[in-house]
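Let me begin by presenting the structure, written as structure tokens, before commenting on it.
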Amino acid sequence: MRRTGQTLIFDADDTLWENNVFFERVIDDFLDWATHPTLDRVQIRGILNDIERANAVSLGYGSAVFLRNLHETFEKLQERPASLVERKRIDQLAGRLIRGEVDLIPGVSDTLAELGARHELFLLTKGDVEEQQRKIDASGLAGWFRQAHIVREKDVDVYRRLALDSGLAVDRTWMIGNSPKSDIWPARQAGMGAVFIPHEHTWVLEHHDLDPADDGVLTLKAFTELVDHF
Ligand SMILES: [Mg+2]
């Protein structure tokens, strides 16, 4: 059954368009190259995860921080500064992240067009402002949203402030995204409903335990299924 006259807030990366899979490919190439005499891939990946977790707090998200994380991981593995050649190699591995286009998730455009006729749509994404704005522009989707917000971190306060500043009734507002940590959990804490659309390439730092009995969370298999519920 469809709900009427709702406010729908959309996550962007790995909800509207592909994102993390490109980082995963770079990490795979990095792990192929940055071998270590005693540590295996899983262990090296664990070191990278720890560095990413720490730097996300102080530096935020985006390609530039990711590149720095690779450099730090390499130097931690080698226990010495990287040579010029090694630095260039790492930069080269990550070079493919700087892309001018975005790959929309199948059906996103048509689904937003249909939802936009019945509901009020917002965009809420976190990361580097310039980088996220470039993706929004390249997506061609900006026109569907009443507002698009780029924030440093999607925590409970961000959801509360958005509701307050935009005059949203939280009991008619839903956050839609792939991240338990950034989309589902904080939106629920702020009193909004949440639509969880899992993506197989969701970043490990975006994982968070959810209450399986929480009936304020709707879980869908595909973005296109939204039109059956809203
Ligand atoms: Mg996401």
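Just so it is clear, none of the values below were taken in a lab; they were calculated from the coordinates. Here the structure is a predicted model, which means the values were calculated and not measured. Virtual Cβ from ideal backbone geometry, glycine too; neighbours counted across all protein chains shown.
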Problem set entry | One residue from Ala12, Ala56 being surrounded by fewer than 20 Cβ atoms within 10 Å (Cβ to Cβ), of a type in the set (A, V, I, L, M) and under 18 Å from the mean Cα position of the chain (by Cα) | Ala56
Exercise. So which strands (runs of 3 or more DSSP E) are wholly in segment 133-230 and hold at least 1 residues that are out of contact with any His (no Cβ under 8 Å at 6 or more places or on another chain) and among the polar types (S, T, N, Q)?
Worked result: 147-151, 173-177, 217-219
Problem set entry | Within segment 181-223, considering residues that are under 23 Å from Arg25 (Cβ atoms) and aromatic (Phe, Trp, Tyr), the one farthest from the ligand (Cβ to nearest atom) | Phe223
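Of everything in segment 12-38 that's of a type in the set (D, E, K, R) and within 16 Å of the ligand (Cβ to nearest atom), which residue is farthest from Arg152 (Cα to Cα)?
Taking segment 12-38 as the starting set, the residues that turn out to be of a type in the set (D, E, K, R) are 13-14, 18, 24-25, 28-29, 32.
Cutting the leftovers down to within 16 Å of the ligand (Cβ to nearest atom) gives us 13-14, 18, 24.
Values: Asp13: 14, Asp14: 17, Glu18: 20, Glu24: 22 Å.
Here the answer is Glu24.
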For this session: Among the numbered conditions (1) assigned to a helix (DSSP H, G or I); (2) under 17 Å from the mean Cα position of the chain (by Cα), tell me where Ile51 comes up short.
Result: (2)
Exercise. What about Ala142, is it surrounded by 18 or more Cβ atoms within 10 Å (Cβ to Cβ), among the small types (Gly, Ala, Ser) and in contact with a helix residue (DSSP H, G or I) (Cβ under 7 Å, 6 or more places away or on another chain)?
Worked result: no
